[in-house]
Amino acid sequence: MALRHQLWLVLPLSKQLSDRPIMGQFWDVPKVAPETVDLDQIVSLCRRNSDDQTAMVDKLTELTDAELLARLTGGEAAASLLLRFGGLRAMLEAGEAELLACPGIGPARVGLLRTLPELARRYYSESLPPGVSIRSPSDTEAFLKARMGHLDHELFCCLFLDNRHRVLRFDELFRGTIDGTSVYPREVVKEALAVNAAAVILAHNHPSGVAEPSQADERITRRLKSALELVDIRLLDHLIIGDGRATSLAGRGLL
């Protein structure tokens with residue numbers, strides 16, 4: 001196999017999706033006959049370019065949205081996407097037909113773009129696996145926003161913890177409107193006892209995007225706190241998840 005072909009196989013997927021370089025140029029590999037290739041030279045070349053890519057990754061936070069997107073789609077396609085949708089969130093939530101209507105975007109790139117939100121959600125979902133201690137409220141908020149912030153329906157969840165605030169389990173308990181008739185304290189208590197929880201963090205999302213607690217939210221929080229106290233389980237917080245933000249009822253002094 002020709003050397004250029006060998007190196008093509010280890011290029012990132014984003015470079016394989018386009019004949020044009022996305023950032024910089026393709027590796028400058030001399031054209032040589034396969035029988036004259038020195039394996040040590042190939043390894044050295046791969047390591048050198050790997051170091052270059054690592055340095056680029058370290059600077060990702062300094063890139064603009066357009067520059068980051070260009071690493072996946074190419075500059076012209078990135079510009080057309082941001083111009084059409086006005087930002088990354090609207091673009092990543094767009095349907096397949098809308099994305100395909102943008103110049104430079106084909107089925108392969110649509111598949112890549114639609115994979116990104118799910119990868120991000122799974123990344124943050126793994127931030128609080130069972131057995132991990134919650135270090136700060138921001139850890140919990142990032143986890144819950146990833147799990148619930150994108151939903152178009154209301155979901156009521158519980159994060160069950162032991163007496164050292166290590167995660168025991170995360171459960172999605174109720175769907176629908178969050179009020180006194182759809183959230184049942186006895187079910188929350190039953191699940192907490194089943195895992196021998198010492199503490200609970202409640203959370204539910206507002207599909208409207210407004211992360212402000214309603215009177216119904218406050219009422220059900222008080223009921224759940226009272227029910228859990230009867231079995232010596234502490235209610236640490238109730239988080240309302242909105243559009244990219246979370247509101248803590250404990251932080252508001254409502255617990």
Among the residues of the range 113-124, is there at least one that is basic (Lys, Arg), modelled with pLDDT of 80 or more and within 17 Å of residue 202 (Cα to Cα)?
-> no
Identify the residue in the range 62-82 that is among the polar types (S, T, N, Q) and out of contact with any helix residue (DSSP H, G or I) (no Cβ under 6 Å at 6 or more places or on another chain) and, among all such residues, is surrounded by the most Cβ atoms within 10 Å (Cβ to Cβ).
-> 80
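Out of all the residues in the range 173-181, is one or more charged (D, E, K, R), outside any loop (DSSP other than H, G, I, E, B) and closer than 20 Å to residue 243 by Cα?
yes
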Does at least one position in the range 182-202 carry a residue that is of a type in the set (D, E, K, R) and part of a strand (DSSP E or B)?
-> no
How many residues does the range 216-255 contain that are closer than 20 Å to residue 134 by Cβ, exposed (fewer than 14 other Cβ atoms within 10 Å of the Cβ) and at pLDDT 95 or above?
-> 1
If only one of 186, 175, 166 is at pLDDT 90 or above, within 27 Å of residue 230 (Cα to Cα), surrounded by fewer than 18 Cβ atoms within 10 Å (Cβ to Cβ) and under 24 Å from the mean Cα position of the chain (by Cα), which one is it?
-> 166
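The values are calculated or read from the model by the stated rules, or taken from the named source; none is laboratory data. Small disclaimer: the values here were computed from a predicted structure and weren't measured. Note that we place each Cβ from the backbone using ideal geometry, even for glycine, and neighbour counts take in every protein chain shown.
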